[in-house]
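The values are calculated or read from the model by the stated rules, or taken from the named source; none is laboratory data. Quantities reported herein were computed from a predicted structural model and do not represent experimental measurements. Positions of Cβ are backbone-derived with ideal geometry, glycine not excepted, and every protein chain shown enters the neighbour counts.
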Amino acid sequence: MEHKVKTLIYIVWIPIWLMANVSNGQNLQQKDGSKQTDPITLKVAAYNVEFSDKGTAEEIGRFLKPYQFDVVCFSEAPGGDWTKKVGAVMGLDHVIVGKYSTAGHKNKYKTIASRTPLSNYEEVLMADTLHTVTRATTIVKNKEITVYSVHFPFGWRDQAHIDETTGKVTAFVNYLREKQSSETSIVMGDFNFVLSTEEYRSPYYEMFVELGMLASWRDLNIDVTGLGSMVKSIAKQNETGRVIDHIIYPSSKVKAIDGQIIEMVEPLSDHKPVWALLKIN
């Protein structure tokens, strides 16, 4: 009888043990010895808040809270504890505030609010301190993800702005190029450029494409030519559209499965929030 009981225990226990270890992709080892991880999903957003001129941190936080974002990159954000306040309302308790305000203006910081802890903060110079990118990493289900909060200069007003922007975007893209093999990067914010279309080639967006990166709008097959991410954008069809806020990532590592521009009845900024639900390998 005792022998039969022990046999029964082994019969029941062995399949359970196998299922627990096989189904847990995070504990499996691939042939090369590296850990195999299951894809994770991350809901992210970017929002230029126009130095919180039209809405307080608490008002912006209350508006964004129902979307249950995991990470939000803010641009033109006030310094100090503004991001901490908006994050507290949204349940995003981990924040990074960039060191430099864009173009040396008041309250135009790039910041990050996250549900998971942030570390490895770095301010990436785009040639000088007038335009920088705020970088941090976070770990979600054992996967390290690098988040970049951006606010690029204008690249279309006149030749001087074109030359300045080209140099600064090139500097940042070169920085990213060195990181692509070692990190999973998500770049979010106010890029101040539109995407390429059949009728128009965006030189700045094409720099990211050459790195193997993709904007969520393209991934989701959203036609942006009739859309705008600024409140005053005229919603009529044209060759490029007016979407200048983007979420960009390496297409070999990240896939967008949902996303959109958030339209607001009562705008809290001159920009609209943009978001994406990402599957990360």
Evaluate region 195-202: report whether one residue or more is in contact (Cβ under 8 Å) with a residue 12 or more places away in the chain, part of a strand (DSSP E or B) and under 29 Å from Lys279 (Cβ atoms).
no
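Look at Ile222 and say whether it is assigned to a loop (DSSP other than H, G, I, E, B), out of contact with any helix residue (DSSP H, G or I) (no Cβ under 7 Å at 6 or more places or on another chain) and at pLDDT 95 or above.
yes
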Residues in region 243-259: is at least one among the aliphatic types (A, V, I, L, M) and free of Cβ contacts under 8 Å to residues at least 12 places away in the same chain?
no
Complete set of residues in region 98-124 that are touching a residue at least 24 places away in the same chain (Cβ under 8 Å), small (Gly, Ala, Ser) and part of a strand (DSSP E or B):
Gly98, Ala113, Ser114
Apart from one, (1) free of Cβ contacts under 8 Å to residues at least 60 places away in the same chain; (2) of a type outside the set (S, T, N, Q); (3) not in a loop (DSSP other than H, G, I, E, B) all hold for Met188; the odd one out is (1)
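Please state which one of Ala171, Ala136, Ala127 is in contact (Cβ under 8 Å) with a residue 40 or more places away in the chain and on the phi > 0 side of the Ramachandran plot. Before you say what the answer is, go through the steps one by one.
Values: Ala171 fails: on the phi > 0 side of the Ramachandran plot; Ala136 fails: on the phi > 0 side of the Ramachandran plot.
Being in contact (Cβ under 8 Å) with a residue 40 or more places away in the chain and on the phi > 0 side of the Ramachandran plot holds for just one of Ala171, Ala136, Ala127, which is Ala127.
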Conditions first: (1) touching a residue at least 24 places away in the same chain (Cβ under 8 Å); (2) farther than 17 Å from His151 by Cα; (3) not in a loop (DSSP other than H, G, I, E, B). Glu206 passes all but one, so which condition is the exception?
(1)
Could you please find all residues in region 235-272 being modelled with pLDDT of 95 or more, among the aliphatic types (A, V, I, L, M) and more than 30 Å from Glu178 (Cα to Cα)?
Ile261, Ile262, Leu268
Consider Glu58 against the criteria (1) of a type outside the set (Ser, Thr, Tyr); (2) over 15 Å from His151 (Cβ atoms); (3) buried (at least 16 other Cβ atoms within 10 Å of the Cβ): it satisfies all of them except one. Which criterion is unmet?
(3)
